[in-house]
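One structure is given below, encoded as structure tokens.
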Amino acid sequence: MVEMPIVIQDYMPSDREDLNQLALAAFAQYELHYEDWNGFQEGVARMSDLAGNADVIVAKRGGIVVGGIGHVGPGRPRDPIFPDQWSVIRMLVVAPEQRGQGIGKRLVAACLQRASRAGAAIVGLHTSPIMADALSLYTAIGFERDCDLPPINGVPYARYVLSAEAIPLALKLLNE
Ligand SMILES: CC(C)(COP(=O)(O)OP(=O)(O)OC[C@H]1O[C@@H](n2cnc3c(N)ncnc32)[C@H](O)[C@@H]1OP(=O)(O)O)[C@@H](O)C(=O)NCCC(=O)NCCS
């Protein structure tokens, strides 16, 4: 059977429930790592709320949401761990059964294009060593760890950064 192509597009309010369910499914693999799993899941299940202060981008196959990501542009409200003039990448998620096909890379590329258009000097994100696939994706395109962050719910986190000058090479690597 021929698979439908992946379409990357802006989040629409009608994607709300699908995106939230997808985020829950994407993070389910971390259940044993967080001390307060129920509390953590409550936050994950509100991924669509990002759309209030961020550009949310979704990946769809055959009209079904299979991935998502948030881009918080310079000047938009954010966690104080990120300076105001940065772009921030939030919550990269791909449906477990759709992984390994380049959907995550396409979502990150869409985010970096937004950051570039917005004139951000730095793109930041926070992630954890438990998120090994995401970490290898981000470090493979040039993100560097710049500081440790307080653990979230018992899970270690660190901040990673990519300078604006490094975005063109990152986009090239993402498209290979
Ligand atoms: C991280 C995630 C979004 C990757 O999505 P994906 O669509 O499978 O990613 P891609 O197919 O675009 O792969 C991109 C890169 O990710 C890394 N990667 C993906 N799957 C991997 C695996 N099983 N093992 C190691 N690296 C892997 C590789 O660097 C890969 O690049 P390559 O194909 O050139 O080797 C997905 O695994 C996910 O949703 N994880 C759970 C949620 C999460 O941890 N989010 C990150 C929050 S910071």
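The values are calculated or read from the model by the stated rules, or taken from the named source; none is laboratory data. Keep in mind it's a predicted model, so treat the numbers as computed, not measured. Reconstructed Cβ throughout: ideal geometry from the backbone, glycine too, with neighbour counts over all protein chains shown. In case anyone asks, the SASA skips ligands and DNA or RNA and just uses the protein heavy atoms, side chains included. Shrake-Rupley method; radii C 1.70, N 1.55, O 1.52, S 1.80 Å.
Here are the numbers:
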item	result
Considering residues of the range 87-101 that are in a loop (DSSP other than H, G, I, E, B) and in contact (Cβ under 8 Å) with a residue 60 or more places away in the chain only, the residue nearest to the ligand (Cβ to nearest atom)	GLN101
Residues that are of a type outside the set (S, T, N, Q) and open to solvent by 90 Å² or more (accessible area, probe 1.4 Å), drawn from the range 6-32	PRO13, ARG16, GLU17, GLU31, LEU32
Qualifying residues in the range 154-169 (those that are without any contact (Cβ under 8 Å) to a residue 60 or more places away in the chain and not in a strand (DSSP E or B)) - the one most open to solvent (accessible area, probe 1.4 Å)	GLU165
Verdict on ALA118 being within 15 Å of the ligand (Cβ to nearest atom), open to solvent by less than 60 Å² (accessible area, probe 1.4 Å) and under 16 Å from ARG90 (Cβ atoms)	no
Of the criteria (1) within 11 Å of the ligand (Cβ to nearest atom); (2) aliphatic (A, V, I, L, M); (3) at negative phi, which one VAL161 fails	(1)
Failed item, numbered, when GLN29 is tested on (1) in contact (Cβ under 8 Å) with a residue 60 or more places away in the chain; (2) farther than 24 Å from PRO156 by Cα; (3) of a type in the set (S, T, N, Q)	(2)
Selected residue [under 21 Å from SER48 (Cβ atoms), more than 7 Å from the ligand (Cβ to nearest atom) and either charged (D, E, K, R) or in contact with a Ser or Thr (Cβ under 7 Å, 6 or more places away or on another chain) (or both)] from ASP79, ASP146	ASP79
Criterion violated by ALA109 - all others in (1) near the ligand (Cβ under 8 Å from one of its atoms); (2) within 20 Å of VAL7 (Cα to Cα) satisfied	(1)
Subset of the range 57-82 [without any contact (Cβ under 8 Å) to a residue 40 or more places away in the chain, open to solvent by 50 Å² or more (accessible area, probe 1.4 Å) and outside any loop (DSSP other than H, G, I, E, B)]	none
